[in-house]
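Student: Encoded as structure tokens, here's the structure I'll be asking about.
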Amino acid sequence: MQPRAAVDILLGMLLLALFQACTTVTEGPHALAFDGSPDCGIIAVSEAPPSSFTVEVWLRSDPEAFAGVMRPLALWKNVFNLSENADEQVVFIIGEEAVGASSPFSLMDGQLHHVAGTYDGAVGSAKLFIDGDLVGASGDPAFVSDSPTEQVQFGCAKENTEAFYGVLDELRLSSIVRYTDAFEVPTAAYEGDDDTLMLFHLDEGTGATATSTGDFTMTISDAAWVEFDVGGEE
């Protein structure tokens with residue numbers, strides 16, 4: 001083999017190795033990792049919220065993150081706010097009047113959790129579930145504002161100045177009350193049905209957008225793709 005040919009082959013092998021090292025691996029289940037502000041996912045919505053709904057998400061927090069700040073999970077301003085507040089209470093707030101359900105349970109323990117909030121518009125009732133347990137219910141009627149914003153924020157709030165620390169996955173918004181009492185949490189990714197308004201599996205693994213059922217698109221800022229499986233190990 002000529003010296004020049006050997007050099008060309010070696011150079012080609014080095015370039016291939018460099019390309020492979022810099023290419024995101026997209027095989028297998030994924031999720032989004034948030035590291036505080038300005039990490040965020042934004043979903044544009046042009047329709048009115050359903051009269052009753054359920055919002056739910058899987059998460060694994062970063063227990064080493066800063067304490068005493070809000071940890072937003074999913075927020076549709078003037079419709080719902082599912083988050084952990086600065087007092088380490090998980091809250092599911094409906095509308096503008098800060099009425100809803102809460103529980104003195106901190107999600108920032110590094111464990112895998114399923115969190116769901118349900119709203120029954122017929123009676124103005126909000127309920128909060130953590131890992132399948134009913135942990136809170138609204139004492140007073142809660143009502144959705146008639147002026148909702150046109151975006152759902154995922155993992156962030158307040159113009160993206162507050163954000164989650166950890167991994168978020170499997171965001172589902174349904175147009176029904178899916179849970180009324182304690183339930184067995186799913187052990188795999190959700191499946192869409194006729195009552196699913198939007199469902200983000202977040203398995204793209206690369207890029208700045210994610211897609212869902214219902215033709216919704218999430219625009220991702222700064223949050224990173226990670227391999228993650230709610231039915232198995234990270």
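The values are calculated or read from the model by the stated rules, or taken from the named source; none is laboratory data. Not measured: the values here are computed from a predicted model. For neighbour counting, all protein chains shown are included, and Cβ atoms are generated from backbone atoms with ideal geometry for every residue, glycine included.
Student: If a residue has to be closer than 20 Å to T217 by Cβ, outside any loop (DSSP other than H, G, I, E, B) and of a type outside the set (S, T, Y) to count, how many in the stretch 163-199 make the cut?
Tutor: 10
Student: Let me ask something else. How many of the residues making up the stretch 222-234 are surrounded by 14 or more Cβ atoms within 10 Å (Cβ to Cβ) and without any contact (Cβ under 8 Å) to a residue 60 or more places away in the chain?
Tutor: 0
Student: In the stretch 97-141, which residue that is within 26 Å of E64 (Cα to Cα) and touching a Pro at 6+ places or on another chain (Cβ under 6 Å) is surrounded by the most Cβ atoms within 10 Å (Cβ to Cβ)?
Tutor: Once the filter is applied, the top-ranked residue is M108.
Student: Within the stretch 201-228, track down each residue that is closer than 17 Å to P50 by Cβ and in contact with a Phe, Trp or Tyr (Cβ under 9 Å, 6 or more places away or on another chain).
Tutor: Those that are closer than 17 Å to P50 by Cβ and in contact with a Phe, Trp or Tyr (Cβ under 9 Å, 6 or more places away or on another chain): S212, T213, F216.
Student: Here's another thing I want to ask about it. Within the stretch 188-203, take every residue that is among the aliphatic types (A, V, I, L, M) and in contact (Cβ under 8 Å) with a residue 40 or more places away in the chain and give me the one that is surrounded by the fewest Cβ atoms within 10 Å (Cβ to Cβ).
Tutor: A188
Student: Cβ contacts < 7 Å: first residue under 15 Å from A31 (Cβ atoms), restricted to the stretch 164-187; second residue acidic (D, E), any location; separation 6+ or different chain. Result?
Tutor: Y165/D35; Y165/D62; G166/D62; R172/E56
Student: Does A67 satisfy the condition of being part of a loop (DSSP other than H, G, I, E, B) and either modelled with pLDDT under 90 or not aliphatic (A, V, I, L, M) (or both)?
Tutor: yes
Student: Which number in (1) assigned to a strand (DSSP E or B); (2) closer than 27 Å to G95 by Cβ; (3) of a type in the set (A, V, I, L, M) marks the one condition that V144 misses?
Tutor: The failed condition is (1).
Student: Still on this structure, please answer the following. Quick one: in the stretch 37-93, which of the residues that are touching a Gly at 6+ places or on another chain (Cβ under 8 Å) and among the hydroxyl-bearing types (S, T, Y) is farthest from G166 (Cα to Cα)?
Tutor: Taking the candidates together, the pick is S51.
Student: Now for a different question. Please pick out the residue among V45, V79 that is among the β-branched types (V, I, T), out of contact with any strand residue (DSSP E or B) (no Cβ under 7 Å at 6 or more places or on another chain), touching a residue at least 24 places away in the same chain (Cβ under 8 Å) and over 14 Å from F129 (Cβ atoms).
Tutor: When all the criteria are applied, what remains is V79.
Student: Out of V144, V152, report the one residue that is at pLDDT below 95 and either surrounded by fewer than 17 Cβ atoms within 10 Å (Cβ to Cβ) or aliphatic (A, V, I, L, M) (or both).
Tutor: That would be V144, the only listed residue that is at pLDDT below 95 and either surrounded by fewer than 17 Cβ atoms within 10 Å (Cβ to Cβ) or aliphatic (A, V, I, L, M) (or both).
Student: Further, regarding this structure: Sort through T219, T180, T206, T161 and tell me the only one that's surrounded by fewer than 16 Cβ atoms within 10 Å (Cβ to Cβ), under 14 Å from the mean Cα position of the chain (by Cα) and at negative phi.
Tutor: Testing whether each residue is surrounded by fewer than 16 Cβ atoms within 10 Å (Cβ to Cβ), under 14 Å from the mean Cα position of the chain (by Cα) and at negative phi leaves just T219.
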